[in-house]
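What follows is a single structure, written as structure tokens, with notes after it.
A short reminder: the numbers here are calculations on the coordinates, not readings from a lab. Nothing here was measured: the structure is a model prediction, and the numbers come from that model. Using ideal geometry, Cβ is built from the backbone for each residue, glycine included, and neighbour counts are taken over all protein chains shown.
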Amino acid sequence: MAHLADAIAFVRVSQRSLHYLEIAFEEESFLRKGLAALDAVYTEIDFASIALYKQGRD
């Protein structure tokens, strides 16, 4: 999970950099959509790992 979190952070910094340049609107939009997708996957994996952990304790 840490590697995925690091990857998301790198992409988020890149998106913010493009935002401040104010010239790469389409690229920033794609990065924003990609970040939303990565965040959703991260959350799914997180919830699944919690559920597996709880199953193992029962």
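Say R0 is 25 Å: what FRET efficiency, to the nearest 0.05, do Ala40 and Tyr20 get from their beta-carbon distance?
0.50
For the range 1-41 and the range 42-57, compute the distance between their C-alpha centroids and round to whole Å.
Measuring centre to centre over Cα atoms gives 25 Å.
To the nearest 0.05, what FRET efficiency results for Tyr53 and Arg12 with a Förster distance of 25 Å applied to their C-beta separation?
Numbers: r = 27 Å, r/R0 = 1.09.
After rounding, the FRET efficiency stands at 0.40.
I'm spelling it out carefully: the read-out is Rg and Dmax of the Cα atoms in Å, the candidates are [x] 15.3, 54; [y] 11.7, 38; [z] 13.8, 44, and one was derived from this structure. Which label?
Answer by label: [x].
About the Cα centre of the chain, how large is the charge dipole given +1 on each Lys and Arg Cβ and -1 on each Asp and Glu Cβ? Please answer in debye to the nearest 20.
Dipole about the Cα centre, nearest 20: 200 debye.
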